[in-house]
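Student: Here you go, one structure.
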Amino acid sequence: MLATLLAVGAPSRATAGELEYKVKAEFMERFTRFIDWPEVSFPAPDAPFVFCTVGESSFGGYLERMAAERKAKGRPIVVRHMAFPSSPEGCHLLFIAQSEQKRLEEILSHIVGKPILTVGDTSGFASAGVMINFFVERGFVRFEINMSAAREAGLKFSSKLLKLGRIVTTESEP
(Lines give C-alpha, C1' and ligand atoms only; values in the text may rest on other atoms or scores of the structure.)
Protein backbone atom coordinates (compact mmCIF):
# COMPACT_ATOMS: atom_id res chain seq x y z
CA MET A 1 0.00 0.00 0.00
CA LEU A 2 2.82 2.38 0.84
CA ALA A 3 4.44 1.79 -2.57
CA THR A 4 1.17 2.73 -4.27
CA LEU A 5 0.89 5.85 -2.16
CA LEU A 6 4.42 6.87 -3.02
CA ALA A 7 3.62 6.39 -6.69
CA VAL A 8 0.75 8.86 -6.28
CA GLY A 9 2.76 11.23 -4.15
CA ALA A 10 5.86 11.35 -6.25
CA PRO A 11 5.57 14.47 -8.39
CA SER A 12 5.49 13.56 -12.05
CA ARG A 13 7.43 15.53 -14.63
CA ALA A 14 5.04 17.22 -17.05
CA THR A 15 6.57 17.99 -20.43
CA ALA A 16 4.41 17.89 -23.55
CA GLY A 17 0.64 18.31 -23.28
CA GLU A 18 -0.01 14.66 -24.15
CA LEU A 19 2.33 13.43 -21.44
CA GLU A 20 0.77 15.84 -18.95
CA TYR A 21 -2.68 14.35 -19.56
CA LYS A 22 -1.36 10.79 -19.28
CA VAL A 23 0.07 11.75 -15.89
CA LYS A 24 -3.27 13.30 -14.88
CA ALA A 25 -5.16 10.16 -15.97
CA GLU A 26 -2.77 8.02 -13.91
CA PHE A 27 -3.33 10.25 -10.89
CA MET A 28 -7.11 10.00 -11.30
CA GLU A 29 -6.99 6.21 -11.34
CA ARG A 30 -4.75 6.22 -8.28
CA PHE A 31 -7.00 8.66 -6.43
CA THR A 32 -9.72 5.98 -6.48
CA ARG A 33 -7.46 3.81 -4.31
CA PHE A 34 -7.46 6.41 -1.53
CA ILE A 35 -11.06 7.61 -1.62
CA ASP A 36 -14.12 5.71 -0.39
CA TRP A 37 -17.51 6.10 -2.06
CA PRO A 38 -20.74 5.23 -0.22
CA GLU A 39 -21.99 1.73 -1.09
CA VAL A 40 -25.17 3.25 -2.56
CA SER A 41 -22.98 4.74 -5.31
CA PHE A 42 -22.93 1.35 -6.99
CA PRO A 43 -26.31 -0.16 -7.97
CA ALA A 44 -24.94 -3.73 -8.02
CA PRO A 45 -21.85 -5.58 -6.77
CA ASP A 46 -20.58 -5.93 -10.34
CA ALA A 47 -21.46 -2.39 -11.44
CA PRO A 48 -18.61 -0.58 -13.19
CA PHE A 49 -16.72 2.42 -11.91
CA VAL A 50 -17.62 5.26 -14.29
CA PHE A 51 -15.06 7.92 -15.24
CA CYS A 52 -16.80 10.85 -16.95
CA THR A 53 -15.37 13.86 -18.72
CA VAL A 54 -17.14 17.06 -19.67
CA GLY A 55 -15.68 19.60 -22.08
CA GLU A 56 -12.64 19.53 -24.32
CA SER A 57 -9.87 17.57 -22.62
CA SER A 58 -6.58 16.32 -24.02
CA PHE A 59 -6.61 12.73 -22.78
CA GLY A 60 -6.38 11.52 -26.40
CA GLY A 61 -7.86 8.09 -25.80
CA TYR A 62 -5.59 7.37 -22.84
CA LEU A 63 -8.52 7.03 -20.41
CA GLU A 64 -10.08 4.38 -22.66
CA ARG A 65 -6.82 2.43 -22.91
CA MET A 66 -6.37 2.62 -19.15
CA ALA A 67 -9.98 1.48 -18.60
CA ALA A 68 -9.41 -1.55 -20.81
CA GLU A 69 -6.41 -2.62 -18.73
CA ARG A 70 -7.34 -1.72 -15.15
CA LYS A 71 -10.00 -1.70 -12.50
CA ALA A 72 -11.03 0.93 -9.98
CA LYS A 73 -12.21 -0.18 -6.55
CA GLY A 74 -12.11 -3.76 -7.93
CA ARG A 75 -14.61 -2.85 -10.66
CA PRO A 76 -14.23 -2.54 -14.42
CA ILE A 77 -13.82 1.04 -15.57
CA VAL A 78 -16.18 2.63 -18.08
CA VAL A 79 -15.38 6.01 -19.65
CA ARG A 80 -18.15 8.42 -20.69
CA HIS A 81 -17.55 11.70 -22.51
CA MET A 82 -20.43 14.05 -21.84
CA ALA A 83 -21.59 17.30 -23.33
CA PHE A 84 -23.06 19.63 -20.76
CA PRO A 85 -25.92 19.77 -19.76
CA SER A 86 -25.94 15.95 -19.90
CA SER A 87 -26.72 14.46 -16.53
CA PRO A 88 -23.72 13.19 -14.56
CA GLU A 89 -25.92 10.52 -12.96
CA GLY A 90 -24.01 7.26 -12.77
CA CYS A 91 -20.61 8.96 -12.80
CA HIS A 92 -18.23 8.23 -9.94
CA LEU A 93 -15.50 10.58 -11.13
CA LEU A 94 -16.17 13.66 -13.26
CA PHE A 95 -13.27 15.46 -14.94
CA ILE A 96 -14.27 19.03 -15.79
CA ALA A 97 -12.13 20.50 -18.57
CA GLN A 98 -10.95 24.10 -18.72
CA SER A 99 -13.35 24.68 -21.63
CA GLU A 100 -16.19 24.48 -19.07
CA GLN A 101 -14.83 27.27 -16.86
CA LYS A 102 -17.73 29.62 -17.62
CA ARG A 103 -20.26 26.88 -16.78
CA LEU A 104 -18.45 25.49 -13.72
CA GLU A 105 -20.92 26.83 -11.17
CA GLU A 106 -23.84 25.40 -13.15
CA ILE A 107 -22.14 22.00 -13.57
CA LEU A 108 -21.37 21.79 -9.85
CA SER A 109 -24.95 22.74 -8.98
CA HIS A 110 -26.14 19.54 -10.73
CA ILE A 111 -24.01 17.31 -8.54
CA VAL A 112 -24.01 19.02 -5.16
CA GLY A 113 -24.39 16.43 -2.40
CA LYS A 114 -23.92 13.49 -4.81
CA PRO A 115 -21.03 11.05 -4.38
CA ILE A 116 -19.22 12.12 -7.53
CA LEU A 117 -15.52 12.97 -7.30
CA THR A 118 -14.96 16.16 -9.27
CA VAL A 119 -11.53 16.72 -10.81
CA GLY A 120 -10.26 19.66 -12.83
CA ASP A 121 -7.06 21.29 -14.00
CA THR A 122 -7.87 24.97 -14.11
CA SER A 123 -6.72 27.69 -11.75
CA GLY A 124 -9.45 28.51 -9.23
CA PHE A 125 -11.46 25.31 -9.74
CA ALA A 126 -10.71 23.90 -6.27
CA SER A 127 -11.69 27.08 -4.46
CA ALA A 128 -14.86 27.18 -6.60
CA GLY A 129 -15.90 23.71 -5.35
CA VAL A 130 -14.06 21.10 -7.45
CA MET A 131 -12.74 18.42 -5.08
CA ILE A 132 -9.35 17.81 -6.71
CA ASN A 133 -7.66 20.25 -9.03
CA PHE A 134 -4.38 19.66 -10.87
CA PHE A 135 -1.77 22.34 -11.35
CA VAL A 136 1.75 22.31 -12.74
CA GLU A 137 4.47 23.68 -10.50
CA ARG A 138 8.11 23.78 -11.56
CA GLY A 139 7.36 21.22 -14.28
CA PHE A 140 5.60 18.76 -11.94
CA VAL A 141 1.92 17.82 -11.89
CA ARG A 142 0.56 18.45 -8.40
CA PHE A 143 -2.93 18.68 -6.96
CA GLU A 144 -5.02 20.62 -4.50
CA ILE A 145 -7.97 19.26 -2.51
CA ASN A 146 -11.20 20.92 -1.44
CA MET A 147 -12.20 18.88 1.62
CA SER A 148 -15.48 20.69 2.27
CA ALA A 149 -16.69 19.75 -1.22
CA ALA A 150 -15.63 16.13 -0.62
CA ARG A 151 -17.44 15.98 2.74
CA GLU A 152 -20.57 17.46 1.19
CA ALA A 153 -20.52 14.69 -1.43
CA GLY A 154 -20.09 11.97 1.19
CA LEU A 155 -16.65 10.90 -0.06
CA LYS A 156 -13.98 9.87 2.42
CA PHE A 157 -10.40 10.78 1.53
CA SER A 158 -7.56 8.81 3.08
CA SER A 159 -5.29 10.82 5.35
CA LYS A 160 -2.42 9.53 3.20
CA LEU A 161 -3.88 11.26 0.15
CA LEU A 162 -4.59 14.44 2.11
CA LYS A 163 -0.92 14.69 3.11
CA LEU A 164 0.08 14.74 -0.55
CA GLY A 165 -2.27 17.46 -1.77
CA ARG A 166 -2.53 21.14 -0.98
CA ILE A 167 -5.74 21.78 0.98
CA VAL A 168 -7.85 24.72 -0.21
CA THR A 169 -11.13 26.17 0.95
CA THR A 170 -14.27 27.00 -0.99
CA GLU A 171 -14.69 30.66 -1.94
CA SER A 172 -17.66 30.96 0.46
CA GLU A 173 -15.68 29.63 3.46
CA PRO A 174 -13.97 32.06 5.85
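The values are calculated or read from the model by the stated rules, or taken from the named source; none is laboratory data. Small disclaimer: the values here were computed from a predicted structure and weren't measured. No Cβ is skipped: glycine too gets one built from the backbone with ideal geometry, and neighbour counts run over all protein chains shown. SASA here: full protein model, heavy atoms, side chains in, ligands and nucleic acids out. Shrake-Rupley method; radii C 1.70, N 1.55, O 1.52, S 1.80 Å.
Student: Based on the alpha-carbon gyration tensor of segment 50-102 and its eigenvalue square roots a ≥ b ≥ c, which shape applies: rounded if a/c is under 1.5, prolate if not and a/b is larger than b/c, or oblate?
Tutor: Oblate is the answer for segment 50-102, as a/c is 1.5 or above yet b/c matches or exceeds a/b.
Student: Placing unit charges on C-beta atoms (Lys and Arg positive, Asp and Glu negative, everything else neutral), compute the dipole magnitude of segment 65-149 about its Cα centre in debye, rounded to 20.
Tutor: In debye, rounded to 20, segment 65-149 gives about 400.
Student: Sticking with this one: Taking 21 Å as the cut-off for C-alpha to C-alpha distance, list the pairs among LYS102/LYS160; LYS114/LYS160; LYS22/LYS71; LYS24/LYS114; LYS71/LYS102; LYS24/LYS160 that go past it.
Tutor: Result: LYS102/LYS160; LYS114/LYS160; LYS24/LYS114; LYS71/LYS102 exceed 21 Å.
Student: How much accessible area per residue does the chain have, in Å², with a 1.4 Å probe?
Tutor: Heavy-atom SASA per residue in the chain reads 50 Å².
Student: To the nearest 20 debye, what charge dipole does segment 111-152 have about its Cα centre, counting +1 at the Cβ of each Lys and Arg and -1 at the Cβ of each Asp and Glu? Could the numbers behind the result be given before it?
Tutor: Values: 4 positive and 4 negative charges, 14 e Å.
For segment 111-152, the charge dipole is close to 60 debye.
Student: Ok, one more. Which whole-Hz couplings ³J(HN,Hα) result when phi for each residue of segment 111-124 is put into the Karplus expression 6.51 cos²θ - 1.76 cosθ + 1.60, θ = phi - 60°, listed in order with x for Gly and Pro?
Tutor: Couplings: 10, 4, x, 9, x, 10, 6, 9, 9, x, 8, 10, 3, x Hz.
Student: Roughly what percent of Cα-Cα pairs across the chain reach past 27 Å? The partial results should precede the final answer.
Tutor: Details: 2573 of 15051 pairs.
Summing the P(r) of the chain above 27 Å gives 17 percent of all pairs.
Student: Less than 13 Å Cβ to Cβ from ARG70, Lys/Arg counted +1 and Asp/Glu -1: what total charge do the surrounding residues give? Each step should come with its number before you reach the end.
Tutor: Values: positive: ARG30, ARG33, ARG65, LYS71, LYS73, ARG75; negative: GLU26, GLU29, GLU64, GLU69.
Summing Lys/Arg as +1 and Asp/Glu as -1 gives +2.
Student: OK, next. How large is the helix-only mean residue ellipticity at 222 nm for the chain, computed as the sum of -39500 (n - 2.57) over DSSP H runs with n ≥ 4, divided by its residue count, in deg cm²/dmol to the nearest 500?
Tutor: After summing the helix terms and dividing by residue count, I get -8000 deg cm²/dmol.
Student: Next question, about the same structure. Give the ranking of LYS163, LYS73 by solvent-accessible surface, highest area first, calculated with a 1.4 Å probe.
Tutor: Descending accessible area places them as LYS163, LYS73.
Student: On the accessible surface of the chain, probed at 1.4 Å, how many percent belong to carbon and sulfur atoms?
Tutor: 53 percent
Student: LYS163: which aspartates and glutamates have alpha carbons under 12 Å from its alpha carbon, excluding same-chain residues fewer than 8 sequence positions away?
Tutor: The qualifying aspartates and glutamates are GLU144.
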